[in-house]
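A.B. asks: Mind having a look at this structure? Questions to follow.
Throughout, read-outs are computed from the coordinates displayed, never taken from laboratory work. Here the structure is a predicted model, which means the values were calculated and not measured. Cβ atoms come from the backbone with ideal geometry, glycine included; neighbour counts cover every protein chain shown.
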Amino acid sequence: MVEIYNREDDKAQPPQSFPAYASTVRRAPSQPLVRMPQTVTETSGPAGCWDELMGSAMADMTRQHKGEPLGERIIVHGQVLDENKRPVPETLVEIWQANACGRYVHLIDQHPAPLDPNFTGAGRSLTDKNGYYKFITVKPGAYPWGNHANAWRPNHIHFSVFGQSFLTRLVTQMYFPGDYLFPYDPIFNSVTDEKARARMVSTFDLENTVPDWALCFRWNIVLRGREATPLDTDEH
Ligand SMILES: [Fe+2]
């Protein structure tokens, strides 16, 4: 079956060029965009074979090494929905993040904060039949990123959600409620619509916090349509 997906909602997405976020100016297209038709290439994608393609799930990022990572253990969970509020089952959800000190396992990240030998910061999982996903990880730290003087990213986790087709793939960032760095972060504020910005912020989930073990944050993700989670085209 060929499904035609909604076009991106411009109000919910950051502009291609947002001067306060310096690198967008260099990479933004200088020519008008060409609208591509949606053919079967765009409206289909892998399904039912993610384990074969990607290997088994790595949803517990605190158990990928000999010991446990340092930091505040957290559960991050939620539902992936489509624009019609239907759950997106068995879809690939990938996350990557800094460790508790705000350092990535990446050559370019030379921020003087320690790496954690027990934390890689990359995980993947599939949603269940109700579109539900769950990760166990540690809360990522804030880190400096050189965009402007004294620039620091709020705590965030990068998400890639594949969805049902190549066209519905969404790359975005999840933030934590009440972060004091929100007003100073051009990436967060490049999503200029306040309601769209709020959709990037998870909710503290006391009910699903595990006593004496881990705090919990809930974050639902909507693919495309009027309620779409803002797109993120950056690796920071
Ligand atoms: Fe980042």
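A.B. asks: Which residues, counting only those in region 26-51, are out of contact with any Ser or Thr (no Cβ under 7 Å at 6 or more places or on another chain) and β-branched (Val, Ile, Thr)?
C.D. replies: Val34, Thr39, Val40, Thr41
A.B. asks: Hey, another quick one. Can you confirm whether region 122-133 contains a residue that is away from the ligand (no atom under 15 Å from the Cβ), in contact (Cβ under 8 Å) with a residue 60 or more places away in the chain, β-branched (Val, Ile, Thr) and in a loop (DSSP other than H, G, I, E, B)?
C.D. replies: No, region 122-133 has no match at all.
A.B. asks: What pairs come out if I take residues in region 144-156 that are closer than 15 Å to Thr24 by Cβ and pair them with residues that are among the aromatic types (Phe, Trp, Tyr) and more than 10 Å from the ligand (Cβ to nearest atom) whose C-beta lies under 7 Å away, six or more apart or interchain?
C.D. replies: Asn147/Tyr21
A.B. asks: Just one of Gly178, Gly163 is at positive phi and in contact (Cβ under 8 Å) with a residue 12 or more places away in the chain; which is it?
C.D. replies: Step by step, each of Gly178, Gly163 is checked, and only Gly163 is at positive phi and in contact (Cβ under 8 Å) with a residue 12 or more places away in the chain.
A.B. asks: Against the condition farther than 20 Å from Met61 by Cβ and either assigned to a loop (DSSP other than H, G, I, E, B) or within 16 Å of the ligand (Cβ to nearest atom) (or both), how does Glu94 come out, does it pass?
C.D. replies: Considered against the rule, which asks whether it is farther than 20 Å from Met61 by Cβ and either assigned to a loop (DSSP other than H, G, I, E, B) or within 16 Å of the ligand (Cβ to nearest atom) (or both), Glu94 comes out as no.
A.B. asks: List every residue pair whose Cβ atoms lie under 6 Å apart, where the two residues are 6 or more positions apart in sequence or sit on different chains, the first residue falls within region 47-76 and is under 14 Å from Asp128 (Cα atoms), and the second residue, located anywhere, is among the hydroxyl-bearing types (Ser, Thr, Tyr).
C.D. replies: Ala57/Ser125; Ala59/Ser125
A.B. asks: Separate question: Can you name the residue in region 86-99 that is touching a residue at least 60 places away in the same chain (Cβ under 8 Å) and more than 12 Å from Tyr133 (Cβ to Cβ) and, of all such residues, is surrounded by the most Cβ atoms within 10 Å (Cβ to Cβ)?
C.D. replies: Restricting to residues being touching a residue at least 60 places away in the same chain (Cβ under 8 Å) and more than 12 Å from Tyr133 (Cβ to Cβ), the top hit is Gln97.
A.B. asks: For region 132-154, give me each residue that is surrounded by 21 or more Cβ atoms within 10 Å (Cβ to Cβ) and closer than 29 Å to Trp50 by Cα.
C.D. replies: Listed by number, the residues that qualify are Tyr133, Phe135, Thr137, Val138, Pro140.
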